[in-house]
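Worksheet for the structure shown next.
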Amino acid sequence: MLLDRLPVLCLAHGFAHARNFRYVYWKYACIQTVYPMKQIYTSILALFISLTSTATTITADSNSAWDDDGTWNLNRVPQNGDSIVIPQGLTISLDGVNNLDNVIIIIQGTLNLTNGKLRLDNASRMIIHLTGMLTGINNNDQLSIGGVMKFKGAGGAQTGYSFSDNTTGTYPNGFVITTPGTLPVSFQAFYVTRQGANNQLAWSTSRELNNSYYTIEKSTDARSWKQIANITGAGTANLVNKYSYTDRNSNDAVAYYRIRQVDMNGAATYSSVRTLRNNETGTVTNIYTSLNKTVTIDFNSDVKDNVTIQLINMSGQVIVRKEFSQASYRLIIDAIGAGSGVYAVRVSDSKGWSEVKRIML
């Protein structure tokens with residue numbers, strides 16, 4: 001009698017049902033041999049445990065090399081099974097051959113391949129956000145997933161929103177261009193301001209898809225993060241949703257904040273990092289550039305008055321001047337006509353406030 005045996009068991013994404021056991025979660029497994037029922041149960045249990053384990057999130061916190069332990073908040077390089085985040089405003093350089101399995105790489109800043117080859121397995125995925133970029137110089141700079149070439153540096157930078165995995169094509173069509181709405185949450189704004197003894201966080205989204213909740217994370221060194229609050233999300237919505245949280249009696253000399261958005265299926269993505277200094281009085285929180293010569297200005301609060309941005313070279317000549325009415329959150333100017341070098345960015349409003357910061361193009 002073979003009532004306690006199964007002739008064939010094939011599993012691929014989803015749930016399977018076979019004879020004497022009920023629905024079991026599965027992912028890409030096929031057993032084509034006759035196994036005793038006890039062994040089948042053992043194998044399925046091990047598979048279930050491996051699939052439901054929680055991935056570790058590792059986040060870059062400095063402009064440095066991928067293979068430098070100090071680049072990452074966990075003081076180690078990324079490894080198999082990690083969710084790897086490169087935040088907005090940071091550039092990570094990768095060289096040599098790097099092999100990783102079962103990872104998700106979320107690029108909100110820049111990943112620069114410098115004679116680097118990133119080889120991922122079929123279970124891995126790369127997601128590039130609107131502010132993110134994957135760059136390289138020549139055909140030696142490569143991304144492959146499951147042995148299929150997805151990116152070469154000679155083809156130019158890959159920007160977002162876009163993603164690549166084992167379902168997308170082969171280079172030069174290795175990435176699928178998406179829209180903000182196809183990602184779980186489209187952040188419209190994220191501000192952190194000082195109000196008395198408290199730090200006030202406010203953010204808004206223009207669209208949410210199966211969003212469960214937000215976790216607010218705080219750090220005092222941009223390396224070690226702790227969760228300080230959970231805020232319920234809107235689920236699925238196409239309207240603007242506004243959220244806020246007050247971090248009361250925050251006496252830290254400098255505080256870093258980020259928002260972790262969690263889907264209803266448990267997947268998570270991160271906002272960009274916001275920095276607030278205890279004695280900070282300026283309005284601009286961050287001014288940064290990209291490889292395609294755009295200058296981005298992020299404000300830490302709504303700026304309702306007319307704002308003027310000037311790009312000034314070291315001779316005092318105004319290279320770019322642009323005015324914005326009812327500016328808020330983020331402003332971007334095109335500096336494509338400016339040569340490489342050091343420039344000053346002057347931001348001012350109609351009430352006489354101004355701030356100047358130096359950048360490199």
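Miscellaneous remarks
- Qualifying residue in the range 86-109 (condition: touching a residue at least 40 places away in the same chain (Cβ under 8 Å) and in contact with a Lys or Arg (Cβ under 6 Å, 6 or more places away or on another chain)): yes
- Some residue of the range 307-322 being surrounded by fewer than 20 Cβ atoms within 10 Å (Cβ to Cβ), modelled with pLDDT under 75 and part of a strand (DSSP E or B): no
- Pair list, Cβ under 6 Å, 6 or more apart: the range 112-137 residue on the phi > 0 side of the Ramachandran plot, other residue polar (S, T, N, Q) and surrounded by fewer than 18 Cβ atoms within 10 Å (Cβ to Cβ): N115/N140
- The criterion of being within 17 Å of A222 (Cα to Cα), modelled with pLDDT under 95 and acidic (D, E) does not hold for D82.
- The set of residues in the range 148-178 that are under 18 Å from D101 (Cα atoms) and without any contact (Cβ under 8 Å) to a residue 24 or more places away in the chain comprises T167, T168.
The values are calculated or read from the model by the stated rules, or taken from the named source; none is laboratory data. No experiment lies behind these values; they were computed from the predicted model shown. Positions of Cβ are generated from backbone atoms using ideal geometry, with glycine treated the same way; all protein chains shown enter the neighbour counts.
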